[in-house]
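**Q** This is the structure I have questions about; it appears just below.
The values are calculated or read from the model by the stated rules, or taken from the named source; none is laboratory data. All of these numbers come straight from a predicted model, not from anything done at the bench. Here Cβ is always computed from backbone atoms with ideal geometry, including for glycine, and neighbour counts include all displayed protein chains. The protein model used for the area step is the full one, side chains on, heavy atoms only, and it has no ligands, DNA or RNA in it. Shrake-Rupley method; radii C 1.70, N 1.55, O 1.52, S 1.80 Å.
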Amino acid sequence: MSASEKRQVLGRVRRIVVKLGSSVVATAHGVDRDRVSGLTAEVAGLHRDGREVIIVTSGARAAGLARLGLKAIPSTIPEQQAAAAIGQIRLMSFYEECFAEFNRHIGQVLLTAADIEDRVRYLNARHTIEHLLSHGIIPVVNENDSVAVDELKFGDNDRLSALVAGLVGADLLVILTDVDGLYSAAPGSPGAALIPLVDDIDAVASAAGGVSSAIGTGGMASKLASARSASHRGIPTVIANGKTPGTLSRVLQPDFSVGTLVLASDTPISNRKHWIAYGMPVHGAIVLDDGAVRAVSERGSSLLPSGVTEIRGTFRPGECVGLVTNDGRIFARGLVAYDSEACGRIRGIASKSIAATLGYHMGDEVIHRDDLVLLADVGGKLENEQ
């Protein structure tokens with residue numbers, strides 16, 4: 001991609017989600033006040049230029065460590081929750097103080113994974129953020145670590161930032177971390193070179209490394225997974241070094257030369273399908289016969305009970321399940337209209353016999369096409385597929 005083409009991609013950006021990693025906003029001693037102050041100045045500058053900015057911030061737990069006399073994120077959930085409860089107040093208070101210097105105000109939005117998984121709460125979160133933006137308020141989003149437990153956690157705020165970007169229909173996701181971007185090998189190793197542009201995110205996913213710091217929970221692997229999620233929603237991503245002053249301001253400048261730009265997919269999926277693909281946990285599986293696999297994957301059909309051969313696991317209506325071929329390959333996922341017990345009773349029968357078999361009728365489809373995502377449409381595999 002030429003410099004002019006890069007400028008064309010970034011020149012259309014009006015709504016930006018900026019993810020600030022723990023290693024950027026905090027140290028083992030608490031909030032890095034100088035760096036956060038500098039970053040808020042850059043965000044305020046984007047805001048002043050007419051762009052809408054949503055911040056997804058890490059650092060609440062790290063911000064609470066000093067008050068608890070700890071030097072690293074504790075291992076137990078209660079200790080982490082206590083650190084987050086203390087740190088949220090300190091972190092948001094400092095954001096408010098910093099933005100007030102530029103006559104800008106913030107609104108805090110705390111989310112858990114359950115808020116994203118539930119469609120009503122997902123839409124409510126979107127409406128809240130939209131309303132804040134309409135009033136010129138800068139939303140500051142964080143995982144609600146003071147109440148989240150293992151099964152409710154996003155795992156890291158990289159994933160949360162991509163989900164928020166999809167939720168609000170962002171034009172760009174910027175992930176600020178402690179490295180300059182994606183490298184061809186481990187940064188600092190012989191021959192390692194910064195990759196300035198990624199036009200096929202699935203092709204470079206194997207270049208990701210592991211967890212990078214004692215303060216953060218992510219690593220390049222999670223950042224690439226998030227960029228992949230955003231790409232499939234039609235949103236480009238920049239991964240760049242938030243510790244370098246001025247990085248955020250330079251991202252949208254005509255001579256853009258910082259970080260790694262991950263381009264959006266040429267065939268993005270809808271908001272609803274992005275939510276199904278990336279916002280929902282998988283609760284079970286449905287095995288299909290060969291004819292049903294072809295109908296769903298090649299002809300865009302809904303899944304009918306006649307094509308179901310086996311039910312695996314336990315699930316309720318509206319939950320997400322994987323669709324599996326006879327040879328065990330997961331090729332799609334979707335939201336079921338019937339629970340696992342009912343699906344077991346109607347498997348292999350014609351749709352017209354559902355009411356007689358169950359005594360009720362929720363629809364002719366086990367999974368409607370509108371509630372189904374082919375994995376081929378999101379790079380062939382999702383990171384949480386079994």
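**Q** For the subset of region 274-314 comprising residues that are outside any loop (DSSP other than H, G, I, E, B), of a type in the set (D, E, K, R) and more than 29 Å from the chain's Cα centre (by Cα), which member is farthest from VAL164 (Cα to Cα)? Explain how you work it out, then say what you get.
**A** Kept after step one, since they are outside any loop (DSSP other than H, G, I, E, B), are these residues of region 274-314: 274-278, 282-288, 290-298, 303, 305-313.
Filter once more, keeping what is of a type in the set (D, E, K, R): 290, 294, 298, 310, 312.
Right, trim to more than 29 Å from the chain's Cα centre (by Cα) and you get 290, 294, 310.
Working: ASP290: 37, ARG294: 33, GLU310: 35 Å.
That would be ASP290.
**Q** To continue, here is another question. What residue, of VAL321, VAL373, VAL308, VAL336, is more than 30 Å from ILE201 (Cβ to Cβ) and among the β-branched types (Val, Ile, Thr)? Give the steps one after another, and end with the answer.
**A** Values: VAL321 fails: more than 30 Å from ILE201 (Cβ to Cβ); VAL373 fails: more than 30 Å from ILE201 (Cβ to Cβ); VAL336 fails: more than 30 Å from ILE201 (Cβ to Cβ).
Matching residue, one of VAL321, VAL373, VAL308, VAL336: VAL308.
**Q** Please specify each residue of region 59-73 satisfying the condition of being open to solvent by 10 Å² or more (accessible area, probe 1.4 Å) and either closer than 15 Å to LEU248 by Cβ or in contact (Cβ under 8 Å) with a residue 12 or more places away in the chain (or both).
**A** In the first step, residues of region 59-73 are kept if they are open to solvent by 10 Å² or more (accessible area, probe 1.4 Å); the result is 61, 66-73.
Hits for region 59-73 are ARG61, ALA66, ARG67, LEU68, LEU70, LYS71, ALA72, ILE73.
**Q** Provide a single number: the residues in region 25-52 that are crowded, with 24+ Cβ neighbours inside 10 Å and within 14 Å of ASN241 (Cβ to Cβ).
**A** Of region 25-52, the ones crowded, with 24+ Cβ neighbours inside 10 Å are 25-26, 39-40, 43.
Then drop every residue that is not within 14 Å of ASN241 (Cβ to Cβ), which leaves 25, 39.
Of the residues in that region, 2 qualify.
**Q** Here is a list of conditions, (1) of a type in the set (A, V, I, L, M); (2) more than 26 Å from ARG159 (Cβ to Cβ); (3) modelled with pLDDT under 80, and ALA41 meets all of them except one; can you say which number that is?
**A** (3)
**Q** Restricting to region 74-91, give me the number of residues that are in contact with a Ser or Thr (Cβ under 6 Å, 6 or more places away or on another chain) and surrounded by fewer than 22 Cβ atoms within 10 Å (Cβ to Cβ). Before the answer, list the steps.
**A** Initial filter on region 74-91 (in contact with a Ser or Thr (Cβ under 6 Å, 6 or more places away or on another chain)): 81, 84-85.
Then keep just the ones that are surrounded by fewer than 22 Cβ atoms within 10 Å (Cβ to Cβ); that gives 81, 85.
Of the residues in that region, 2 qualify.
**Q** Suppose we keep only residues that are open to solvent by 60 Å² or more (accessible area, probe 1.4 Å) and of a type in the set (Lys, Arg) within region 333-384. Which one would you say is modelled with the lowest pLDDT?
**A** Looking at the filtered set, the residue picked out is LYS381.
**Q** With the structure loaded, tell me whether GLY322 is at pLDDT 95 or above, within 30 Å of ARG121 (Cβ to Cβ) and either assigned to a strand (DSSP E or B) or open to solvent by 10 Å² or more (accessible area, probe 1.4 Å) (or both) or whether it fails that test. Please lay out each step first, then the result.
**A** On the way: at pLDDT 95 or above: yes; within 30 Å of ARG121 (Cβ to Cβ): yes; either assigned to a strand (DSSP E or B) or open to solvent by 10 Å² or more (accessible area, probe 1.4 Å) (or both): yes.
Yes: the conditions hold for GLY322.
**Q** Going through PRO317, PRO245, PRO268 one at a time, which residue ends up being part of a loop (DSSP other than H, G, I, E, B) and touching a Phe, Trp or Tyr at 6+ places or on another chain (Cβ under 7 Å)?
**A** Details: PRO245 fails: touching a Phe, Trp or Tyr at 6+ places or on another chain (Cβ under 7 Å); PRO268 fails: touching a Phe, Trp or Tyr at 6+ places or on another chain (Cβ under 7 Å).
None of the others qualify; the one that does is PRO317.
**Q** Related question: Name the residue that is surrounded by the fewest Cβ atoms within 10 Å (Cβ to Cβ), counting only residues in region 219-258 that are more than 18 Å from LEU10 (Cβ to Cβ) and among the basic types (Lys, Arg).
**A** LYS243
**Q** Can you find a residue in region 116-125 that is closer than 27 Å to HIS29 by Cα, at pLDDT below 95 and either under 22 Å from the mean Cα position of the chain (by Cα) or of a type outside the set (Phe, Trp, Tyr) (or both)?
**A** Taking region 116-125 and keeping what is closer than 27 Å to HIS29 by Cα, we get none.
Scanning region 116-125, I find no residue that is closer than 27 Å to HIS29 by Cα, at pLDDT below 95 and either under 22 Å from the mean Cα position of the chain (by Cα) or of a type outside the set (Phe, Trp, Tyr) (or both), so the answer is no.
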